[in-house]
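To start, the structure itself, in structure tokens.
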Amino acid sequence: MGFMSGMKANKAHRLQQQGKREEAIKLYEEAFSEGLNDARYLLAYALLIIREGQYQKAREFLVAHQKVQMAPGQRTELLVYYATCCFRLGNLDKGISVLEQQFRKGETGLLYQTLGYLYVEKYDMDHRPDFAAMAAEAAGAEEAPQADENAVTADGENGAAAEENNPEENAAEETSAEESTAEETPAAETDAAEEKAPKLSPEEEWNAGIDKAEKFIRESVEYDDEDPVCLDNLGEFLYRVRGDRAGAKEYFDKAIAIKDTQIDTLYFLSRYDLEAGDKKAALEKLEKAAGGRFSPLNYCNREKITKEIEELKGAL
């Protein structure tokens with residue numbers, strides 16, 4: 001890495017702070033192509049393209065630079081960005097798993113904030129599976145006749161032999177760098193008692209997951225009872241997962257008292273205004289939220305809030 005590469009990255013960072021995103025991205029990428037491996041700039045660039053919605057590009061970039069030497073806090077930041085990309089690319093469970101593994105190494109406010117929010121997303125009541133349908137499908141599968149693995153196939157081979165001779169199914173999978181990202185953190189050893197525990201049904205697993213998530217999110221508030229993100233997470237958990245709107249409001253009120261520009265908190269508090277018939281108060285909150293800086297970990301996006309603002313203005 002040359003001196004000029006560092007200068008380019010430094011200038012890119014200044015441009016990023018000034019909101020000149022396209023210029024910053026161009027300079028960052030020039031610096032990285034010249035061999036720059038400074039964790040500060042790697043993470044700043046990753047955050048920049050994540051905020052631009054380039055999740056696949058950011059994920060691949062983080063994978064490619066996961067071996068770069070960095071401080072523990074920077075490593076956590078990298079994993080949070082990676083988990084965010086996983087979430088936005090449709091692999092929420094992967095993002096949760098990565099952060100759970102990192103959390104086992106030690107609690108931090110950033111992990112409490114991000115993992116807590118991902119738990120809310122996972123267990124949102126709108127995402128609850130249809131367990132009755134799953135049970136019916138499983139029962140039907142059990143009643144269906146099972147194929148004999150030794151039965152002769154149309155090619156004259158028994159099932160087991162055909163499987164052994166299938167080069168596609170038996171080729172060893174190469175673990176890609178992307179799949180191994182953040183998985184270098186060793187998983188906690190399985191507790192022997194857990195191995196002996198009876199197998200839970202899908203619905204029981206889901207409910208146990210909700211209990212685990214609530215415990216974690218409440219612990220995050222105990223860890224820092226003045227963290228507006230953790231307070232909002234608990235409010236959202238009660239509102240979106242438990243359906244406890246009365247209980248949720250207590251935490252939304254606490255969060256907004258600490259940070260009155262927090263987008264999601266403003267949005268959910270506007271729900272209470274609408275329920276009370278106070279459209280003007282709801283509009284004020286939504287307009288304030290619309291002026292905030294949105295992130296991939298917001299429940300609402302700018303388009304959704306803007307649309308609702310226009311609808312409320314038309315109704316007043």
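No value in this document is a laboratory result; all are computed from the given coordinates. Keep in mind it's a predicted model, so treat the numbers as computed, not measured. Note: ideal-geometry Cβ built from the backbone for every residue, glycine included; neighbour counts use all protein chains shown.
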Quiz item: Which number in (1) of a type outside the set (Asp, Glu); (2) crowded, with 20+ Cβ neighbours inside 10 Å; (3) within 20 Å of residue 290 (Cβ to Cβ) marks the one condition that residue 261 misses?
Solution: (2)
Quiz item: Which one of 26, 57, 67 is assigned to a loop (DSSP other than H, G, I, E, B) and not acidic (Asp, Glu)?
Solution: 67
Exercise. Name, by its number, the condition in (1) more than 27 Å from residue 119 (Cβ to Cβ); (2) surrounded by 18 or more Cβ atoms within 10 Å (Cβ to Cβ) that does not hold for residue 237.
Key: (1)
Practice problem: Tell me which residues, restricted to the range 287-307, are assigned to a helix (DSSP H, G or I), under 26 Å from residue 246 (Cα atoms) and either of a type in the set (Lys, Arg) or out of contact with any Cys (no Cβ under 9 Å at 6 or more places or on another chain) (or both). | Solution: 287, 288, 290, 304, 305
Exercise. Mind listing just one residue for me: the one in the range 97-110 that is in contact with an Asp or Glu (Cβ under 9 Å, 6 or more places away or on another chain) and aliphatic (A, V, I, L, M) and, of those, surrounded by the fewest Cβ atoms within 10 Å (Cβ to Cβ)?
Key: 110
Quiz item: Got at least one residue in the range 27-48 being under 19 Å from residue 296 (Cβ atoms), touching an Asp or Glu at 6+ places or on another chain (Cβ under 9 Å) and in contact (Cβ under 8 Å) with a residue 40 or more places away in the chain?
Solution: no
Self-check item: Selection from the range 18-35 of residues that are surrounded by 22 or more Cβ atoms within 10 Å (Cβ to Cβ) and of a type in the set (Gly, Ala, Ser)
Solution: 24, 31
Quiz item: Which of the residues belonging to the range 54-94 are buried (at least 19 other Cβ atoms within 10 Å of the Cβ), touching a residue at least 60 places away in the same chain (Cβ under 8 Å) and among the small types (Gly, Ala, Ser)?
Solution: 83
Quiz item: Within the range 257-286, can you find the residues that are among the acidic types (Asp, Glu) and part of a helix (DSSP H, G or I)?
Solution: 264, 273, 275, 284
